[in-house]
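The values are calculated or read from the model by the stated rules, or taken from the named source; none is laboratory data. No experiment lies behind these values; they were computed from the predicted model shown. Note: ideal-geometry Cβ built from the backbone for every residue, glycine included; neighbour counts use all protein chains shown. The area values use the complete protein model at the heavy-atom level, side chains included, leaving out ligands, DNA and RNA. Shrake-Rupley method; radii C 1.70, N 1.55, O 1.52, S 1.80 Å.
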Amino acid sequence: VLAVVHREGQAVRRGEVLLRIDTRSQEAQVASQKAALDKARADLGIATLNYENSERLLARKFIAQNVLDTARSVRDAAAASVELARAQLRLAEIGLADAVVRAPFDAVVSRRFAEPGEKVSSDSALLELVDLSRLELQAAAPAAEIPAIAAGQLAEVRVDGFGERVFEARVERINPVTEQGTRQILLYL
């Protein structure tokens, strides 16, 4: 990790740079894959030329059919190698682009897992982002009350620490089973 741009509690906008990773390895991988694609294209050119020459020789009956079939197979394999090299180059380019981590949505940084100088892998947690524009409340309701509750229904919610402020919520989902050891069913608002 070269730089972590934001700290906990800071707001970030979608697309904003969050973290930069050393790209030397990814740049070398892209260069290597470009060279592999160039080699695969050259191999395809030679294989195509050999196949076309074999077609002409077979037409004059200077070679057997199996020589042409072999030349066709070599050409087809070379064409497949070009496609493989293109795909590997695309993967390397994606890896290079991913070295700059951007915010996927407007959020607030709630936790940093990586610091400058640390070595991270592609599956490492780097930052935790929270979208405070929409929150989900998980609430337990008595099973006997569930028939009166439906997805889409509006609800008023009060939260400790906000005094008498009332938040409007909508029932998004209702868990179909009761919580173990209780007669409560979870609602998601």
Kindly express, to the nearest 10 degrees and within the range 0 to 90, the angle between helix 65-97's C-alpha long axis and the longest C-alpha principal axis of the chain. 30 degrees
Go through (1) 48; (2) 53; (3) 69 and flag the label whose value is the computed percent of Cα pairs over 23 Å apart for this structure. (3)
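So if the hydrodynamic radius of region 71-180 is defined as the Kirkwood radius over C-alpha pairs, what does Stokes-Einstein give as its diffusion coefficient at 10 °C and 1.306 mPa s, in µm² per second? Before the final figure, lay out each step's value.
Numbers: Rh = 20.2 Å.
Rounded to a whole number, D works out at 79 µm²/s.
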What angle, in degrees between 0 and 90 and rounded to the nearest 10, separates the Cα long axis of helix 24-59 from the longest principal axis of the Cα atoms of the chain? 40 degrees
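List the longest stretch of the chain that has no exposed loop site; here a site is one of the GluC sites (Glu not before Pro) assigned by DSSP to anything other than H, G, I, E or B, with at most 15 other Cβ within 10 Å. Show your work: numbers first, answer last.
Working: sites that count: E8, E16, E118, E136, E164, E172, E179.
Segment 17-117 is the longest.
Can you give the charge dipole size of region 119-189 about its Cα centre, rounded to the nearest 20 debye, using +1 on the beta carbon of Lys and Arg and -1 on the beta carbon of Asp and Glu? Before the final figure, lay out each step's value.
Working: 7 positive and 11 negative charges, 18 e Å.
For this selection, approximately 80 debye.
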For the chain, the per residue accessible area (1.4 Å probe, Å²) is 69 Å²
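Using a 1.4 Å probe on the protein chains only, how many percent of the accessible area of the chain belongs to carbon and sulfur? Numbers along the way, then the final one.
Details: 6880 of 13100 Å².
Its accessible area is 53 percent carbon and sulfur atoms.
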What is the Cα centroid distance between region 69-111 and region 115-189, reported in whole angstrom? 38 Å
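Please get the size of the charge dipole for region 1-99, origin at its Cα centre, with Cβ charges of +1 on Lys and Arg and -1 on Asp and Glu, quoted in debye to the nearest 20. Intermediate values should be presented prior to the final figure.
On the way: 15 positive and 13 negative charges, 41 e Å.
My answer is approximately 200 debye.
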If you filter region 1-79 for trypsin sites (Lys or Arg not before Pro), then keep DSSP loop positions with at most 13 other Cβ within 10 Å, what is left? R7, R13, R14, R60, K61
Do any trypsin sites (Lys or Arg not before Pro) in region 90-189 lie in a loop, going by DSSP, with at most 11 other beta-carbon atoms within 10 Å of their beta carbon, and if so which? K119, R134, R165, R183
When the charge dipole of the chain is computed with +1 at the Cβ of Lys and Arg and -1 at the Cβ of Asp and Glu, the Cα pointing farthest to the positive end, of G117, Q180, A155, is that of G117
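Across all directions of projection, what mean area in square nanometres is found for the Cα convex hull of region 1-43? Walk me through the numbers before you get to the answer.
Working: hull surface 17.0 nm².
Mean projected area for region 1-43: 4.2 nm², to one decimal.
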With unit charges on the beta carbons (Lys and Arg positive, Asp and Glu negative) and the dipole taken about the Cα centre of the chain, which residue among A36, L89, V67 sits farthest to the positive side? V67
Based on Cβ point charges of +1 for Lys and Arg and -1 for Asp and Glu, what charge dipole magnitude is obtained for the chain about its Cα centre, in debye rounded to the nearest 20? 860 debye
Within 10 Å of each candidate Cβ there may be at most 16 other Cβ atoms; applying that plus a DSSP loop requirement, which chymotrypsin sites (Phe, Trp or Tyr not before Pro) in region 44-130 survive? F62, F105, F113
